[in-house]
Amino acid sequence: MVLLVNNLMDQYNESPYNQYLQQQNQRAGNNFASESGLMGSTPMMEQMQQNSQNISQQGMNDWLQQVLGINTQYGQGQQNLMTGGQNAANSLTNMYSQMGNNMGEAAYGKEAGKKQDMWNTIGGIGSLAGMFL
């Protein structure tokens, strides 16, 4: 997983929106420092640097979450396809099994019917013979 994230991060480029936020941070910091007489002071420069790092870090986190989310969605899509295929195979297996059961029952019923017909015929002949005796 670490290798995957490292490979993904090698592809990261700061977005135009993050560049815009960095520029706004720089302007706001310079304006504030100028108005308050803190231009060039160590605390002001540290705060501007921290703000810049926060903007960069948030941009990278957003980008990485989006990339990982897309990969997760792709993986989920593949999983859905496999599950759908397995469900289709299971349904076909069940259909063929039921069809085999029905065919077996029909063949049994056909043979049982033939035997019943034979006994009915014998019984009928016996009844006719009994009427003449």
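The values are calculated or read from the model by the stated rules, or taken from the named source; none is laboratory data. Because the structure is a prediction, the values reported are computed rather than measured. Here the Cβ positions follow ideal geometry from the backbone for every residue, glycine too, while neighbour counts run over all protein chains shown.
Annotations
- Residue in region 28-37 that is surrounded by 12 or more Cβ atoms within 10 Å (Cβ to Cβ), at pLDDT 85 or above and aromatic (Phe, Trp, Tyr) present: yes
- Among the residues of region 23-48, those that are assigned to a loop (DSSP other than H, G, I, E, B) and of a type in the set (A, V, I, L, M, F, W, C) comprise Leu38, Met39.
- Members of region 1-20 found to be in contact with a Ser or Thr (Cβ under 9 Å, 6 or more places away or on another chain) and either modelled with pLDDT of 90 or more or more than 17 Å from Gln66 (Cβ to Cβ) (or both), listed by number: none
- Exclusive hit being of a type outside the set (D, E, K, R) and either outside the structural domain of Leu21 (by TED's automatic domain parsing) or in contact with a Cys (Cβ under 8 Å, 6 or more places away or on another chain) (or both), set Asn80, Asn61: Asn80
- With respect to the conditions (1) exposed (fewer than 10 other Cβ atoms within 10 Å of the Cβ); (2) outside the structural domain of Tyr20 (by TED's automatic domain parsing), Met118 falls short on a single one, namely (1).
- Taking the criterion of being β-branched (Val, Ile, Thr) and at pLDDT below 85, the residues of region 43-96 that qualify are Val67, Ile70, Thr72.
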